[in-house]
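The numbers here are math on the coordinates, done by the rules we state, and not lab data. On a predicted model such as this, the values are computed, not experimentally measured, just so you know. Here the Cβ positions follow ideal geometry from the backbone for every residue, glycine too, while neighbour counts run over all protein chains shown.
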Amino acid sequence: MKALFIGGTGVISSACARLALDRGIDLYLLNRGQSTRPVPDGAIVLTGDIHDEASLQAALGSHHFDVIVDWIAYTPDHIEADIRRFAGRTGQYVFISTASVYHKPVISLPITESTPLHNPFWQYSRDKIACEERLIRAYRETGFPVTIVRPSHTYDQTKLPLTGGYTIVDRMRKGRPIVVHGDGTSLWVLTHHTDFAKAFIGLMGRSQAVGEAYHITGDEVLTWNQIAQAIARAAGAKAEIVHAASETIASYDPDWGANLLGDKSHSVIFDNTKIKRLVPDYQAVIPFERGVEEVIAWYDADPARQQVDEAFNSLLDTIIAAQGRAMSGQAGAFSDPVYM
């Protein structure tokens with residue numbers, strides 16, 4: 001199999017690139033050569049800019065691919081360009097969408113690929129929905145060979161699932177409270193990028209996948225309180241949690257709020273039957289308890305990675321103080337936030 005990854009050195013795509021090479025796929029990566037992540041040994045790099053037509057055509061030349069995966073298409077104009085460029089050049093075009101396209105608020109659980117797509121809260125998700133709709137129209141009208149893949153919250157050793165990155169770890173280790181949205185009991189699914197890769201590589205080059213959409217997630221379901229506590233344990237600390245409504249967080253930080261209201265504040269459980277039917281040996285085997293140990297070890301291995309965002313620290317302190325005042329006003333007796 002000859003495959004082209006547009007991107008290929010990101011959180012999810014890096015694991016997929018390594019596994020593709022391990023399985024004997026002839027892998028080409030199109031990128032600008034600016035990633036901080038190393039290109040895996042064995043991949044052929046085509047240096048070019050997907051958003052620069054002359055650069056792209058010079059890089060691609062006369063290549064034809066069995067599979068083209070665009071890891072960095074986000075808006076309908078990106079998709080229009082891809083349809084024009086890659087029609088007739090590939091047997092399968094894989095679009096990386098997102099599981100946040102599914103109806104928010106969540107209308108039923110578990111979520112399947114037939115769950116309606118609707119997200120009034122987050123522009124990112126609405127753009128991905130528009131991309132999907134354009135691609136399905138191209139498939140129906142001209143046979144453009146699209147497969148849609150919807151990752152949920154996929155992470156590697158460089159990514160904590162809580163907003164703030166290493167700043168959260170630093171606060172925990174210093175005994176400072178953190179903010180968790182809602183009451184911390186909504187359900188969430190985290191997927192290690194190497195688990196995701198097993199399912200993803202399994203659908204590449206499969207004619208049965210053309211014209212279809214698949215989400216790929218783990219099966220482990222955790223509350224946000226459990227996620228925060230797992231991070232603290234891996235960091236050798238304790239999680240002192242202050243809860244704040246997602247709407248409250250949005251009033252202080254609209255971008256963080258849109259991410260919560262459009263995705264993370266809603267309980268999700270995914271039915272992975274469809275991808276497992278196509279890739280029968282797919283099983284997510286890395287629990288977050290183990291995966292987060294990799295994250296903490298990655299931070300601890302290099303002091304340069306331990307970047308503390310003082311602006312985010314200040315934001316958390318402001319929200320926590322406001323929650324403390326609110327609790328004091330409600331209870332008439334508390335002057336400090338309530339921790340758990």
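Of note:
- Semi-axis lengths, Å, the chain, gyration tensor of Cα atoms, sqrt of 5 times eigenvalues: 38, 22, 19
- In summary, the convex hull built on the alpha carbon positions of region 1-118 has an orientation-averaged projected area of 8.7 nm².
- Normalised by 2.2 N^0.38 Å, with N the number of residues, the alpha-carbon radius of gyration of region 173-328 equals 1.23.
- Checking the Cα-Cα distances for K238/K274; K198/K238; K159/K274; K128/K276 against a 30 Å cut-off, the pairs over it are K238/K274; K198/K238.
- Among Q208, H51, I148 - extreme Cα towards positive end, dipole of the chain, charges at beta-carbon: Q208
- Neighbour-count order for D52, D66, D82, fewest beta carbons within 10 angstrom listed first: D52, D66, D82
- Summed over all non-identical Cα pairs, the Kirkwood treatment of region 21-66 gives a radius of 11.6 Å.
- Between region 161-183 and region 291-307, the Cα center-to-center distance that results, in Å: 15
- Cα-only radius of gyration and Dmax that characterise region 151-261, units Å: 16.6, 53
- Rounded tilt (10° steps) of 76-86 against the dominant C-alpha axis of the chain: 30
- Neighbour counting of Cβ atoms within 10 Å sorts the residues E132, E141, fewest neighbours leading, into E141, E132.
- Only beta bridges with both residues in the chain are counted; by DSSP, about 10 percent of them are antiparallel.
- Computed over the chain with a Gaussian network model linking Cα atoms closer than 10 Å, the most mobile of D156, D70, D255 is D255.
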